[in-house]
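Asks: Okay, here's the structure, questions in a sec.
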Amino acid sequence: MQKDWLLYQSEINPDKPFIKDGDKIYSYKDLNDIVYDRACSLIDYGVKNKSNVLISLPNSLDFIEAYLACYKIGSTSVVINYNWKKNEVQNSISDISIDYIICNWKDKNRFDKLSKPMIFFEELSKSYGNCFNSKLDFKSSADDVQSILFTSGTQGKPKGVCLTYDNFYKSSVKWKEAIQINQNDTYLLNLPLFHISGIGIVMRSLHLGFTIKINTRLNEQKYDATIISMVPTMLEKLITNENSLKELQLLRCIVVSGSRIQNDLLEKCRLLNLKIFLSYGMTETCSSICGFWPFDFPENKESVGKPFNGVEISVQNKQLIIKSDTIMKCYVNGKNTEGTISTSDLGELSDGYVYLNGRADNLIISGGENIDPTEAIIILKKLFKFDKIESFKKNDLHWGEISGLYIYTNQKINKNEIFEKLKEKLSSYKIPKEIIFKKLN
């Protein structure tokens, strides 16, 4: 059976700070007590072990409490991007049997068409006291699905990634070895919790016992931390700000992943004496499975490092094959991976280092987000009678890659009208940066 790690930490490190959020500090015991009450309240609503519970909450602490309440019950958290539009939510979860939805009262209209019971976070009790047993009956096993997260698929439909309790735990162990995480560390959490990069940090804290500090205003505040994770676009912005640069220079580790870092940005970081750790992974691998300290091995700076302990990476037909105990159990309604996945990342191996050479599919990695341009194309085909629409991508110094569309038509149409229609249906990061009209002969 899988252990309730929040309960475990609350028993062996009751007074150790778990989460710092502004002026508030919550010890492991504090948060375990809060989450316990939230979990009891969820049980009152009917949530059970193995229930599929969709979570959509904008506030980081609220999200963590709801997520860990589901974790404590043993229900499966279906974690969606809070910024998704109504149609994006429906498209993403159409293949998943949702039992309950946890959201804020003001967001109820986003989910009314799903016809599922909604539990408003504001109404989850925090004062059950002794009404329930002091320890909930935690029945989850290592191979049970803890969370379903989403990643861009193909043909305009995000894919649900089923990650187990053991996936999260084994990922934490690998990170501990890779960057020597210990209980004295404070990890600055500024990444979205609906991404594996964000929720993975929370689970790492439970497994390894370090402190998390929630901070989304990186340009303005003191970090008072030792580790941070970010994408290259964020790093590029922060080093131009005097305050944030000074704080970054105090960190012992800056994990950079999500998309390829440009050589000139990496060189700037070296000259600024920033302690960069480059890594590579995906939702399907439950966070990174490969990485290194590039300034210690400058001859390999074009790579994404070496596989973490217990990870095997090979190349077949120029595509990376990954074998690891952190590999997802399956995609929603898909076959069991048995711990091996064939990626769409093109790459090669040299002296144990992994080098990426683009993608075998049409996904675009922009600012750390995976974008399937098919989503935008499908929407435009429904709204306009264009003769043909094709996607393209460009390398970009800031974003890594940017997406664009070629629209073949002889119609006279305002480009702004197209952008406005896309904004109604798509999250901002999915909207093409460029649209180019091409006339038909």
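Asks: Averaged across orientations, what area in nm² does the convex hull of the alpha carbons in segment 283-441 project?
Replies: 12.4
Asks: Still on this model: On a full-extension model of 0.36 nm per residue, what is the gain between Phe120 and Ile436, subtracting their alpha-carbon distance, rounded to one decimal in nm?
Replies: Length gained between Phe120 and Ile436: 109.4 nm.
Asks: Rounded to the nearest 10 Å², what accessible area does Met118 have for a 1.4 Å probe in the complete protein model?
Replies: Taking all protein chains as shown, Met118 has close to 60 Å².
Asks: While we're here: Would you grab the residues whose amide H sits under 5 Å from the one on Val47? Only those 5+ places off in sequence or on another chain, please, with H modelled 1.01 Å from N.
Replies: Residues meeting the amide H criterion: none.
Asks: So, how do all the Cα-to-Cα distances of segment 335-424 break down into 10 Å bins, in percent, from 0 on up?
Replies: 13, 35, 29, 15, 7, 1
Asks: So which lysines can Lys268 reach, going by Cα to Cα under 18 Å and dropping same-chain residues fewer than 8 places off?
Replies: Cα-Cα hits under 18 Å: Lys237, Lys246, Lys301.
Asks: Here's something else I'd like to know. Just to be sure I understand: if I project the alpha-carbon convex hull of segment 251-358 onto a plane and average over all orientations, what area do I get in nm²?
Replies: Seen from a random direction, the Cα hull of segment 251-358 projects 7.4 nm² on average.
Asks: What translational diffusion coefficient, in µm²/s and rounded to a whole number, does the Stokes-Einstein relation yield for segment 149-211 at 4 °C and a viscosity of 1.567 mPa s, taking the hydrodynamic radius as the Kirkwood radius over Cα pairs?
Replies: 101
Asks: Can you pull the Kirkwood radius for segment 178-226, inverse mean 1/r over Cα pairs, to one decimal in Å?
Replies: Averaging 1/r across every pair of different Cα atoms and inverting gives 11.2 Å.
Asks: Tell me, what is the Rg over Rh of segment 138-287, with Rh the Kirkwood radius over Cα pairs?
Replies: Rounded to two decimals, Rg/Rh equals 0.98.
Asks: Additional query: Any idea what diffusion coefficient segment 307-365 gets from Stokes-Einstein, in µm²/s, Kirkwood Rh on alpha carbon pairs, 20 °C, 1.002 mPa s?
Replies: D, rounded to a whole number, is 174 µm²/s.
Asks: Once segment 4-86 is represented by equal point scatterers at the alpha-carbon sites, with solvent omitted, what log10 I(q)/I(0) does the Debye formula produce at q = 0.11, 0.21 Å⁻¹?
Replies: -0.31, -0.99
Asks: How fast does segment 1-148 diffuse by Stokes-Einstein, in µm²/s, taking the Kirkwood radius from C-alpha pairs at 10 °C and 1.306 mPa s?
Replies: In µm²/s, the coefficient is 100.
Asks: Further question: Given q = 0.08, 0.12 Å⁻¹, what are the Debye log10 I(q)/I(0) values for the chain, with equal point scatterers placed on the Cα positions and solvent ignored?
Replies: -0.47, -1.07
Asks: A follow-up question, please. Sort all Cα-Cα distances of segment 399-441 into consecutive 5 angstrom bins from zero, then give the percent of pairs in each bin up to the one containing the longest distance.
Replies: Using 5 Å bins, I get a P(r) of 5, 19, 29, 22, 15, 7, 2 for segment 399-441.
Asks: Right, next: Return the aspartates and glutamates within reach of Lys381: Cα separation strictly under 13 angstrom, same-chain partners fewer than 8 residues apart disregarded; answer none if there are no such residues.
Replies: Once the sequence-local aspartates and glutamates are set aside, what remains near Lys381 is Glu390.
The values are calculated or read from the model by the stated rules, or taken from the named source; none is laboratory data. Since we're looking at a predicted model, the values are computed, not measured. In case anyone asks, the SASA skips ligands and DNA or RNA and just uses the protein heavy atoms, side chains included. Shrake-Rupley method; radii C 1.70, N 1.55, O 1.52, S 1.80 Å.
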